[in-house]
Each structure stands twice: as C-alpha cells, then as structure tokens.
Amino acid sequence: MTTATDLAPAGLSLAEQAYRALRDRLIMLDIAPGEPLQELQLVRELGFGRTPLREALKRLETDHLVVSYPRRGTFATRVDITELAAVSEVRHLLEPLAARKAAATTDPSVRAALAQAREGIDQLSGTTPWREVMAQDLAVHRLVYRAAGNHHLEESLIRLDNLATRIWCVVVDRLPDVAEHIREHLGLLDAILEGDADRAEELTSAHIRHFDAAIRQVI
C-alpha cells in the first residue's frame, strides 16, 4: 500500500502529493477508465485526509483525467484514442521547443538528473517489464520539460504527455517493442547534454511522429 509518507519528493504539500499519486495511477490505468474514485477508499489507501484528496481531484478534473457528476461521484475519464491527433498537434509545437530550451540549461542538478535518466534508459531491453519502461519514459519527459526552464511550458506539456501516455497504455500490449521506442530518448538526452539544440529539436519531433505511427498501426 502507498501512503503519504512513502511519496516523494519531500517538502510537497499533502494536496500535491495526493495529486501526483492519483495522477500516475490514472495515467498508468491502475485506476481503469470509467472507474469510480471512492473517497474513503482512497483516504485509506493513500493515507491522506479528505481535504488534500479533494484538492487533488479538482486539479485532476482540470487535467481531464477525472470527471465529476453531481450526486453520482467522481470517475476516471474514458480514454478517447480519437484525441491522439489533437494532443499530438500541440505536442509537435511545444515539445521540440522544450527540448531546444533544455539543451541550453547549465543547472548542474538538472544536468545530473538528465545524465542519470540516460543511464536508466540505456539499461532497458525487450525483457524489461512495460511498467518499468513507462516509468522511465514519464521521468525523462518530465525532466526535459523541467530543464526547459519555463513553468508554463512545463505544465502544459506534462498535461499533454499524461493524456498521450494513457492512450499508449491502452494499446501497449499490442506494441511490438516498447523499450526500443523509449530508447529513442538516448539520442535526445545526448543532444541536450551536449548543448545541441537543433539536434534535440529534430529528435523530439521524430519521436512524436514515431509515437503516433506506432499507435496508428495497432488501432
């Protein structure tokens, strides 16, 4: 069982911790699309009080990950694969920009985190459990967005990537080699760490195209 004290990083408010815990459950489909979110059950499972949990659910509704109905309750949103085109259209505009900006970062802690993420990606193989692969993928995306140094850009891209990842998780059992797709991040991380903004931008655009193509082949 995951509890409030298990959740990191330290220093986050309880509402933020609850938000992140539920967000990642929804993204990875641990909370299935259409499933009701029972407040008392979540309080017991996560170890948070009702107030931070309710604050988290409000944010998740803004993120289009849950939907609330009067007198019915709160439910995980359905995964609409037809949304892929709309999500990818905006990602194609914003994500290469984030990669370009990330290549300019000189923050030692951010660069160290990117280098560590690269090591994790490099260890992935065809036998790596898909959940571990997706956890690495989410981590890399979020690091690159943070490295861009623009919190508006970061927040927008996290929301879009969350929606894209939910779609990916719906079809993941039909994809031939998830780890190989995620290993595309190696070149991107190298470009960012080397300060090659043009290459980082190009590789990001290509990665999104490959993401779209992989999903369209199996739907």
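The values are calculated or read from the model by the stated rules, or taken from the named source; none is laboratory data. Note that the structure is predicted; figures quoted are calculated from it, not measured. All Cβ positions, glycine included, derive from the backbone under ideal geometry; neighbour counts span all protein chains shown.
Remarks
- Among the residues of region 189-219, those that are touching an Asp or Glu at 6+ places or on another chain (Cβ under 8 Å) and crowded, with 20+ Cβ neighbours inside 10 Å comprise 203, 204, 207.
- Test: residue in region 65-79 that is surrounded by 13 or more Cβ atoms within 10 Å (Cβ to Cβ), within 30 Å of residue 213 (Cα to Cα), touching a His at 6+ places or on another chain (Cβ under 9 Å) and not aromatic (Phe, Trp, Tyr): yes
- Among the residues listed as 141, 152, the single one being out of contact with any Asp or Glu (no Cβ under 8 Å at 6 or more places or on another chain) and modelled with pLDDT of 95 or more: 152
- Whichever residue in region 168-188 is of a type in the set (A, V, I, L, M, F, W, C) and over 27 Å from residue 33 (Cβ atoms) and, among such residues, is surrounded by the fewest Cβ atoms within 10 Å (Cβ to Cβ): 186
- Taking region 120-134 as the range and being touching a residue at least 24 places away in the same chain (Cβ under 8 Å) and surrounded by 14 or more Cβ atoms within 10 Å (Cβ to Cβ) as the test, the residues that pass are 121, 124, 128, 130, 133, 134.
Residue-by-condition table, conditions (1) part of a helix (DSSP H, G or I); (2) not aliphatic (A, V, I, L, M):
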position: 61; (1), (2): yes, yes
position: 68; (1), (2): no, yes
position: 89; (1), (2): yes, yes
position: 95; (1), (2): yes, yes
position: 101; (1), (2): yes, yes
position: 104; (1), (2): no, no
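- Those residues of region 45-59 which are surrounded by fewer than 19 Cβ atoms within 10 Å (Cβ to Cβ), outside any loop (DSSP other than H, G, I, E, B) and in contact (Cβ under 8 Å) with a residue 24 or more places away in the chain, in sequence order: 45, 51, 55, 59
- Exclusive hit being crowded, with 18+ Cβ neighbours inside 10 Å, in contact with a Gly (Cβ under 6 Å, 6 or more places away or on another chain) and within 20 Å of residue 195 (Cα to Cα), set 117, 99, 103: 103
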